[in-house]
Amino acid sequence: MKPLFETYNVAVYALSKDTPAEAKAHQERDALGFVRLFCDPAMRHIRALGLEHHKALEFKTWDILGIPLGYPSGFKSMAIPTSILVDENGNVRWIDQSDDYRMRGDAQRIQDALLQSFGPLAQRGHAVGKSPHARVFRIAPTQISSRHLCSPTIFDKPATLTTQKEPERQQRFSFHSLSQQHPHRRWSQPMRTPTHLYLPFCLFFLGGCCTLPAPLNLTAPADLPAHVYFRTRTETFNKNYVLALRDGRIWYKHNVENTQKSSDWKLLGRTGRPEGCGLSKFGVPKNLVSLSADGIHLQVLGENQVIYRATNLREDIEKGVEWNDSWGWPMAGGPGLKSEWGSQTIWDVADAHTFDLKYYEDANGTRHHIGLGVAHIYVLDPEKKKIHYNDWWLPADWSRQVCGPQRGTFKAIQMSVSGSTLFVINQQGEMFTRLYDFDTSGENPFLTYTFVQTQPAPHVRRIPIPDWHRQPAISSGRITSRITIFQDGEGNAARTLRVEGEQNGVAGFFHKKIFAPTWAFQATHHTIKTPFLSDTTQPAPQSTFTNAEEIRYSGTLRREDLGRTLQVEFQGFHFVCSPSSLRVLFEGKPVLQKDGTPLLLTFHHVHTMVTQIRPRDYWQKGTKAPIRAGLISPKDFSVISNDQARTMLREFFGDLSVINLSGEASTQTLKMKELTRGELFRAPDEEKAHTARFVLDLSVAK
């Protein structure tokens, strides 16, 4: 913004609670020679001016396995962000103050304030003697941004601020009460500050200063619909807004169904495309090819295959949204994320947020608070069988997958997601739904999970979460592949499904709550453009499915404290789909039950977090997969037909219900050992030993 201030001959002053040493580091890094900078570490002057935010969250932080963690430990004081424009006569011409520390006046807003206050440059001229036309005073909370403008000069001037509405009358001016009553209001009445007083305020921008594009004055396209019933790649909705993509630009209006507000279509932001200071990785996209929205999240795919995100779709977006092209570890500040499948990718964003869903229920039906929220992007790959996902805080890659219905053999032709819940349909009209994300699936290494306990401690989450739920067939009309799921309340059941179709020749959609047994029909009389599914005769349900990518391992399960070893072999281990079965051998032959069937132990596994970027299907490219697992012990040894095998297995497993394991899997080997109490989280302490007793050592069977 230096050229802007120089053009208007404006002097810039800045104040923060940074120490001189901290401020010096910012000054050297950001080349802030054009700003006169002050520091108030004790906040004496900030407090005297009524600009103290008393209850800002303070975090305790530490580092585990190279992963920074933190939790709110209390409150601290920080400054309320405030900007003041003062003319050469000491009159306050403009004040901008936010009650949200994330919101800042950008370059365009300051330029507008200068123009409104002083008129066009042609009328003012470029300089008046040796004094500046005006001063900009700004204040920032603390050094939480990478773009702080402060310097190592101690501010020790008197801290009083008076206003003069009449020549003989002065009163104290409270910024704090002003911001609560009138956030972002421009105060135009003349206010005078004594000549002996400077009010240095800090210039603070998230992501730094940038120049915003000029607003476009475009007429809304004629083909924008009156209603949006389905979430597609070019039209979508959340609780508050309906959005559409036309000619590479985003248009929006209120979701009248939920807000009861009727409005016309408007261009989002200045240009209908990502803009602002958050686009530091790839810059502004030249064109947009698709969009998706859920909860507070709006995400778009540019023609450059970059995924841009905005996370304030819950707020008033009249002036646009806050865009960002950073993505990934650490803390959503990673290198950014690109689609690897082209512009026709079937993808969706799902946001499970504390504002709306609030909690989810695990396999025991226990409620767990969503916390800060889980926002994932899911992609159906071109083969239509694999579903990849990513979270904007995870490493920016597509290495994580959700096992699709029918053990990954279901070929979906369309997908819709909302609140961590996926909804898919195939060419025969078979439909499945499932709740699945990084936290609920068991992948978060900083949460505690159990595979067996039905009444664990409140913080322990039961996994695996319920498998894909087959939705009832629609037989009372014809349907297309256009499907939609959206959240509408709290908990797992707060999802509504829609399927486009017609009944008795009338166009509309079939709809129901996610766990409701039957469908209802809503007539809309819209024009159906998606082809009807020609053959919706659904095949008879199968109980088991075999995935072609399954691996057969064999080897040993050793119990170190007893010095005993079992010969075991896997029946179909799959890297993404769980569970699989472990067959136990005795004297080289499978252990049989009394009914003649082999004794099979259930082996559940989940992937665990890594911080490095990996390719898709990385285990097929030579990288080992870190996994954690639960081997379920036999519940009833009396069913074993061989007496010696029965005795041996009873001694080997004892009274254990589960053996929690951690290790690595590759296409050639699977090596794991028992979790111990020294390894935090992942499993309850009562399910872990003090030292590892069990070791699983397998290799590909020949």
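The values are calculated or read from the model by the stated rules, or taken from the named source; none is laboratory data. What you see is a predicted model; the values in this text were computed from it and never measured. Cβ sites come from the backbone with ideal geometry, for glycine too, and all protein chains shown count toward neighbours. In case anyone asks, the SASA skips ligands and DNA or RNA and just uses the protein heavy atoms, side chains included. Shrake-Rupley method; radii C 1.70, N 1.55, O 1.52, S 1.80 Å.
What's the center-to-center distance, using Cα atoms, between the range 1-23 and the range 311-362 in Å?
That distance is 33 Å.
Multiply the residue separation of ARG614 and ASN91 by 0.36 nm, subtract the distance between their alpha-carbon atoms, and state the gained length in nm to one decimal. Don't skip to the answer; put the middle values down first.
Numbers: separation 523, 0.36 × 523 = 188.28 nm, distance 5.80 nm.
Fully extending the segment from ARG614 to ASN91 adds 182.5 nm.
Evaluate the distance, in nm, between pseudo-label points positioned 7 Å from the Cα of ALA21 and of SER475 along their respective Cα→Cβ axes.
7.7
Give the distance, in whole Å, between the Cα centre of the range 400-437 and the Cα centre of the range 533-547.
14
Which of the lysines could be linked to LYS529 by a straight reach, that is with a Cα gap under 23 Å, when you skip same-chain ones fewer than 8 residues away?
Here the lysines satisfying the reach criterion relative to LYS529 are LYS384, LYS411, LYS512.
Note down the nm distance, to one decimal, between modelled labels 7 Å out along Cα→Cβ at ARG47 and at LYS702.
Placing both labels 7 Å along Cα→Cβ, they lie 7.6 nm apart.
Carbon and sulfur atoms: what percent of the 1.4 Å accessible area of the range 258-414 do they account for? All intermediate terms of the calculation are to be shown ahead of the outcome.
Details: 2800 of 5820 Å².
Answer for the range 258-414 is 48 percent, counting heavy atoms of protein chains only.
Taking a ≥ b ≥ c as the square roots of the eigenvalues of the Cα gyration tensor of the range 406-527, is the shape rounded (a/c under 1.5), prolate (a/b larger than b/c) or oblate?
Details: a/c = 2.78, a/b = 2.21, b/c = 1.26.
In terms of gyration-tensor shape, prolate.
How would you classify the range 560-702 from its alpha-carbon gyration tensor, with a ≥ b ≥ c the square roots of the eigenvalues: rounded for a/c under 1.5, else prolate if a/b is greater than b/c, otherwise oblate? Please report the intermediate quantities before stating the final value.
Details: a/c = 2.23, a/b = 1.44, b/c = 1.54.
Oblate shape, in that a/c is at least 1.5 and b/c is the bigger or equal ratio.
Which chymotrypsin sites (Phe, Trp or Tyr not before Pro) in the range 513-616 pass both tests, a DSSP loop state and at most 13 other beta-carbon atoms within 10 Å?
On the way: sites: PHE515, TRP519, PHE521, PHE532, PHE545, TYR553, PHE570, PHE573, PHE575, PHE586, PHE603; in loops: PHE515, TRP519, PHE545, PHE575.
When the chymotrypsin sites (Phe, Trp or Tyr not before Pro) of the range 513-616 are filtered for loop state and at most 13 Cβ neighbours within 10 Å, PHE515, PHE545 remain.
So which GluC sites (Glu not before Pro) in the range 581-685 are both in a DSSP loop and have at most 14 other Cβ atoms within 10 Å of their Cβ?
Details: sites: GLU587, GLU651, GLU664, GLU674, GLU679; in loops: GLU587, GLU679.
Listed in order of number, the matching sites are GLU587.
Going through the cross-link list LYS239/LYS513; LYS589/LYS688; LYS253/LYS338; LYS624/LYS673; LYS261/LYS358, which pairs have a Cα-Cα distance over 20 Å in this structure? Mind showing how you got there, number by number?
Details: LYS239/LYS513 16 Å; LYS589/LYS688 31 Å; LYS253/LYS338 28 Å; LYS624/LYS673 16 Å; LYS261/LYS358 25 Å.
Beyond 20 Å between Cα atoms: LYS589/LYS688; LYS253/LYS338; LYS261/LYS358.
Once label points are set 7 Å from the Cα along Cα→Cβ at both THR623 and ASP636, what is their separation, rounded to one decimal in nm?
Taking the simple label geometry, THR623 and ASP636 are separated by 4.5 nm.
Using a 1.4 angstrom probe, figure out how much accessible area the range 486-587 has per residue, in square angstrom, rounded to the nearest whole.
On the way: 5180 Å² over 102 residues.
Averaged over the residues of the range 486-587, the accessible area is 51 Å².
For the range 325-385, rounded, prolate or oblate, judged on the Cα gyration tensor with a ≥ b ≥ c (square roots of eigenvalues), a/c < 1.5 rounded, else prolate if a/b > b/c? Can you show the working numbers first?
Details: a/c = 2.88, a/b = 1.51, b/c = 1.90.
Here the range 325-385 falls in the oblate category.
Using 0.36 nm per residue of separation minus the Cα-Cα distance, give me the extension gain between ASP655 and HIS369 in nm, one decimal. Please report the intermediate quantities before stating the final value.
Details: separation 286, 0.36 × 286 = 102.96 nm, distance 3.28 nm.
Contour length minus the Cα-Cα distance gives 99.7 nm.
Estimate the FRET efficiency between THR409 and ALA523 by the formula 1/(1 + (r/R0)^6), using the beta-carbon distance for r and 35 Å for R0, to the nearest 0.05.
Details: r = 36 Å, r/R0 = 1.03.
Efficiency, from the Cβ-Cβ distance: 0.45.
Suppose the chain between SER543 and LEU562 were pulled fully straight at 0.36 nm per residue; how much longer would it get relative to their current alpha carbon spacing? Could the numbers behind the result be given before it?
Working: separation 19, 0.36 × 19 = 6.84 nm, distance 3.81 nm.
So the extension gain works out to 3.0 nm.
Any idea of the accessible area per residue across the range 218-348, 1.4 Å probe, to the nearest Å²? Can you show the working numbers first?
Numbers: 5380 Å² over 131 residues.
Averaged over the residues of the range 218-348, the accessible area is 41 Å².
Taking 51 Å as R0, compute the FRET efficiency from the Cβ-Cβ separation of SER343 and GLN644 and round it to 0.05.
Given R0 = 51 Å and the Cβ-Cβ separation, E is 0.20.
Within the range 292-324, whose backbone N sits under 16 Å from a point 7 Å along Cα→Cβ of PHE355?
Under 16 Å, as judged by backbone N against the label point of PHE355, lie 293-299, 309-324 of the range 292-324.
If R0 is 56 Å, what FRET efficiency do you get for PHE515 and GLU6 from their C-beta distance, rounded to 0.05? It would help to have the intermediate numbers written out before the result.
Values: r = 64 Å, r/R0 = 1.13.
Computed FRET efficiency for PHE515 and GLU6: 0.30.
So which GluC sites (Glu not before Pro) in the range 273-372 end up in coil per DSSP with only 14 or fewer other C-beta atoms within 10 Å? Provide the component values of the computation, followed by the final result.
Numbers: sites: GLU275, GLU303, GLU315, GLU318, GLU322, GLU340, GLU361; in loops: GLU275, GLU303, GLU315, GLU318, GLU322, GLU340.
Here the sparse-neighbourhood loop sites are GLU303, GLU315, GLU318, GLU340.
Using a 1.4 angstrom probe on heavy atoms only, work out the carbon and sulfur share of the accessible area of the range 623-702 in %. Don't skip to the end; give the middle numbers.
Values: 1830 of 3750 Å².
Carbon and sulfur: 49 percent of the exposed surface of the range 623-702.
Given the C-alpha centroids of the range 608-647 and the range 243-298, what is the distance between them in whole angstrom?
One Cα centre to the other: 45 Å.
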